[in-house]
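As structure tokens, the structure follows; a few thoughts come after it.
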Amino acid sequence: MLMHNPPHPGLIVRRMLIESAGYSISDAAKALGVGRITLSKLINGRSGISPEMAVRLSIALSTSSEMWINMQGMYDLWQAEKKRGKFRARIKKIKNYKLAA
């Protein structure tokens, strides 16, 4: 079941690193071993969490990398589901397909 309008994972990263831990973007980026622009794009919702970033966040914040990947996946799926009607109009159903054994 999809969460109703899940937040962008960057918002959670912002709350945990910037607002709660009190890091600046530059300090947080340095702690994660990434560039300031990379982290800025993430926390401002202009990029997503890559598997590598998920591992970095899991180490820095004592969370699981799976949590970050799942959060990104739920966000991405929610965004795609909002386009379902447009997709339905252009996609033809495929019948009589068989999976290879």
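The values are calculated or read from the model by the stated rules, or taken from the named source; none is laboratory data. A quick note: this is a predicted structure, and the numbers were derived from the prediction, not measured. Here the Cβ is made from the backbone with ideal geometry for all residues, glycine too, and neighbour counts use every protein chain on show.
What the table below lists for this structure:
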quantity: Qualifying positions in region 7-32 - within 20 Å of Ile69 (Cα to Cα) and of a type in the set (Phe, Trp, Tyr); calculated: none
quantity: Cβ pairs under 6 Å, 6+ apart, first in region 72-95 and part of a helix (DSSP H, G or I), second hydrophobic (A, V, I, L, M, F, W, C) and modelled with pLDDT of 90 or more; calculated: Gln72/Ile49
quantity: Qualifying residue in region 21-43 (condition: hydrophobic (A, V, I, L, M, F, W, C) and surrounded by fewer than 13 Cβ atoms within 10 Å (Cβ to Cβ)); calculated: yes
